[in-house]
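The values are calculated or read from the model by the stated rules, or taken from the named source; none is laboratory data. Predicted, not measured: the structure shown is a model, and the values here were computed from it. Using ideal geometry, Cβ is built from the backbone for each residue, glycine included, and neighbour counts are taken over all protein chains shown. Each accessible area value is taken on the protein alone, full model and side chains, heavy atoms only, with ligands, DNA and RNA left out. Shrake-Rupley method; radii C 1.70, N 1.55, O 1.52, S 1.80 Å.
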Amino acid sequence: MDMIPQLMEGSSAYGGVTNLNIISDNSSSVTGATAGEATQPPSSSSSPSVNSSRYENQKRRDWNTFGQYLRNHRPPLSLSRCSGAHVLEFLRYLDQFGKTKVHTNVCHFYGHPNPPAPCPCPLRQAWGSLDALIGRLRAAFEENGGKPETNPFGARAVRLYLREVRDMQSKARGVSYEKKKRKRPLPPSSASSSSAVASHQQFQMLPSTSSTTQLKFEK
C-alpha cells in the first residue's frame, strides 16, 4: 500500500504533496489558528460560527484523506465496498503517525500518568482523536449520499474497537476517560422558591426599627 504523504499538519517526517491534516493527538480543531487567534478569545456572538467552520473544514479534510486511503489500497477500494473491517484497517494504519506514548504492561511506567523518564514504548493515536475522527467521518459519509444503515463508520466492530482502545490506553497511561456529569439547571419553580428563600433570609437579617414595622413572610 502506498504511503499517504502527510497525515498530520506539521509532521516533518511525512511532509509531502498534499496537506491532509486528518488527525492530531490533542483532538483540537484549532491547529490552523494564528498566534493572534490564540491570544485573543473570539466574541461570544461569533464563536459558534467559527467553531462550526473549523469543524466543517476538519471534516472535509478527513473525508478527502479517507478517500485517498481507499485509492491507495491494494487492491483499490470503492466507497460502496468499504466495510467496518476496512475502517479498522484504516485506524490501525494511523497508529504509525501517532504521538501518544502508550506503555506496555511490562513497562515500569505502566499506569503512570506522568512518567518521570523516557521509555521505549510505542507511540499511538490517542483514543480521543480516533473517536472524534470516526464521528466526523460518520457524518461525512451520510452527507455525501451514504445511507445510515450502511455506514461503515458506525459498524459495531468499529465501536468495539474504540472501546478497547479507550480501556487499554486508560490503564496503560493512567488516564481516566469517565465523563464529567454536568449540573442540570434548576426548573423555574425551584429557582423561584430558592430566590424567595434567599429574600426571606435577607429580610430576617435586617434590623427592625420598631415592632410595628417588622416584616413577616408567611411560608
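Let me spell it out: the conditions are (1) closer than 23 Å to Tyr55 by Cβ; (2) open to solvent by 80 Å² or more (accessible area, probe 1.4 Å); (3) at pLDDT below 90; (4) within 16 Å of the chain's Cα centre (by Cα), and Arg138 meets all of them except one. Which number is the exception?
The one condition Arg138 does not meet is (3).
Return the residue satisfying two criteria in turn: it lies in region 92-105 and is assigned to a helix (DSSP H, G or I) and open to solvent by 70 Å² or more (accessible area, probe 1.4 Å), and of such residues it is nearest to Pro122 (Cα to Cα).
Among residues in region 92-105 that are assigned to a helix (DSSP H, G or I) and open to solvent by 70 Å² or more (accessible area, probe 1.4 Å), the one nearest to Pro122 (Cα to Cα) is Gln96.
Restricting to region 110-129, give me the number of residues that are assigned to a loop (DSSP other than H, G, I, E, B) and open to solvent by 40 Å² or more (accessible area, probe 1.4 Å).
Of the residues in region 110-129, 10 are assigned to a loop (DSSP other than H, G, I, E, B) and open to solvent by 40 Å² or more (accessible area, probe 1.4 Å).
For Thr150, state whether it is without any contact (Cβ under 8 Å) to a residue 24 or more places away in the chain and open to solvent by 30 Å² or more (accessible area, probe 1.4 Å).
So Thr150 fits the description; yes.
For region 166-173, check the following and say yes or no: at least one residue is in contact with a helix residue (DSSP H, G or I) (Cβ under 7 Å, 6 or more places away or on another chain), loosely packed, with under 11 Cβ neighbours inside 10 Å and modelled with pLDDT of 75 or more.
Checking region 166-173: not a single residue is in contact with a helix residue (DSSP H, G or I) (Cβ under 7 Å, 6 or more places away or on another chain), loosely packed, with under 11 Cβ neighbours inside 10 Å and modelled with pLDDT of 75 or more.
Can you tell me how many residues within region 68-91 are in a helix (DSSP H, G or I) and surrounded by 13 or more Cβ atoms within 10 Å (Cβ to Cβ)? Quick ask: steps written out before the conclusion?
Filtering region 68-91 for residues in a helix (DSSP H, G or I) gives 68-72, 79-81, 84-91.
If we keep only those that are surrounded by 13 or more Cβ atoms within 10 Å (Cβ to Cβ) as well, we get 68-70, 72, 79, 84, 86-91.
Qualifying residue count for the region: 12.
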